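Trainee: I have a structure here, written as structure tokens, and I will follow up with some questions on it.
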Amino acid sequence: DDKPEKSAGFNYWFNTKNDFNFWMNGNIGSEKYCENLYNWYNANLGIKFYKYEIFVPSINFSKSKSLVYSLENTYDKKSLSFSLNGIIKPFISYESSITFKKYSNLPESNSVDDSYCLGNSNIDFNISNSLGITNGIRYNNYECGNYSQHLGFYSNLHWEYNANCNVYLGYGIAENDVENITIKDYENLYLKVLYKHFQMPFVKYPPLHI
């Protein structure tokens, strides 16, 4: 019979007088995949210190039972994340995070890694109200087949020439470790111009009386 997917959850958070923010949330539900219904859940517990705008660290721990699609089954997973972000007045903001993920009782497979980490870092330069540059680094050591590591870098420039015209210039490069040899995944440079040559007129309709 056709069983419906279901989900429910809760969220609770509070701040202290010492500029700490605590949170906890949880979700439980079921997901249909390949004609089968799988039960899942996740629970999170975290803390953040936000006293200083330039330095905002946080830690989050989660425990879940999630569906691994390639194995068509659910497995227990734990995650631990550390993040740091801040605003360096008046033009610079940054954000960095690293997350460690670990599955339990995962069968050996070339397509699924049971223990890996993900790292991300961004830094934004707001040169003016109309000109900004975003730079970022992406890293993971997820092992899949012959792949064992990924490292990428990107830089994007956004210039709002006027209300109708935006210019984007970007560069990105990424490398993978394949059988302990570093191989370039991609390298690209792009230029995009978005121009809005007309604006939809605003139509004011009379009020509807019933």
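Trainee: Using a 1.4 Å probe on the protein heavy atoms only, what accessible surface does Tyr94 show? Give it in Å² to the nearest 10.
Mentor: My reading of the accessible area for Tyr94 is about 50 Å².
Trainee: Counting only the heavy atoms of the protein chains, how much of Lys65 is accessible to a 1.4 Å probe, in Å² to the nearest 10?
Mentor: Its accessible surface works out to 70 Å², give or take rounding.
Trainee: What is the sum of charges, Lys and Arg at +1 and Asp and Glu at -1, for the other residues whose Cβ falls under 13 Å from the Cβ of Tyr33?
Mentor: Details: positive: Lys3, Lys32; negative: Glu5, Glu31, Glu35, Glu72.
Once all neighbours under 13 Å are counted, the net charge is -2.
Trainee: What figure in square angstrom, to the nearest 10, would you give for the accessible area of Thr134 with a 1.4 Å probe?
Mentor: Probe radius 1.4 Å; accessible area of Thr134 about 50 Å².
Trainee: Then there's this: How much net charge surrounds Leu118 when only other residues with a Cβ under 15 Å from its Cβ are counted (Lys, Arg +1; Asp, Glu -1)? Could you put the intermediate results ahead of the total?
Mentor: On the way: positive: Lys77, Lys78, Lys101, Lys102, Arg138; negative: Glu95, Asp113, Asp114, Glu143.
Value of the local net charge: +1.
Trainee: Taking the Cβ of Asn166 as the centre, find all other residues whose Cβ is under 10 Å away and add up their charges (Lys, Arg: +1; Asp, Glu: -1). Can you show the working numbers first?
Mentor: Details: positive: Lys192, Lys196; negative: Glu160.
That works out to +1.
Trainee: I've got another one for you. May I ask which of Lys17/Lys89; Lys17/Lys77; Lys3/Lys65; Lys77/Lys184; Lys3/Lys78 have a Cα-Cα span longer than 22 Å here? Numbers along the way, then the final one.
Mentor: Working: Lys17/Lys89 25 Å; Lys17/Lys77 34 Å; Lys3/Lys65 20 Å; Lys77/Lys184 31 Å; Lys3/Lys78 28 Å.
Table pairs above 22 Å Cα-Cα are Lys17/Lys89; Lys17/Lys77; Lys77/Lys184; Lys3/Lys78.
The values are calculated or read from the model by the stated rules, or taken from the named source; none is laboratory data. Source: prediction; values computed, not measured. Note that each Cβ is placed from the backbone with ideal geometry, even for glycine, and that neighbours are counted across all protein chains shown. Surface accessibility is based on the protein's heavy atoms, side chains included, excluding ligands, DNA and RNA. Shrake-Rupley method; radii C 1.70, N 1.55, O 1.52, S 1.80 Å.
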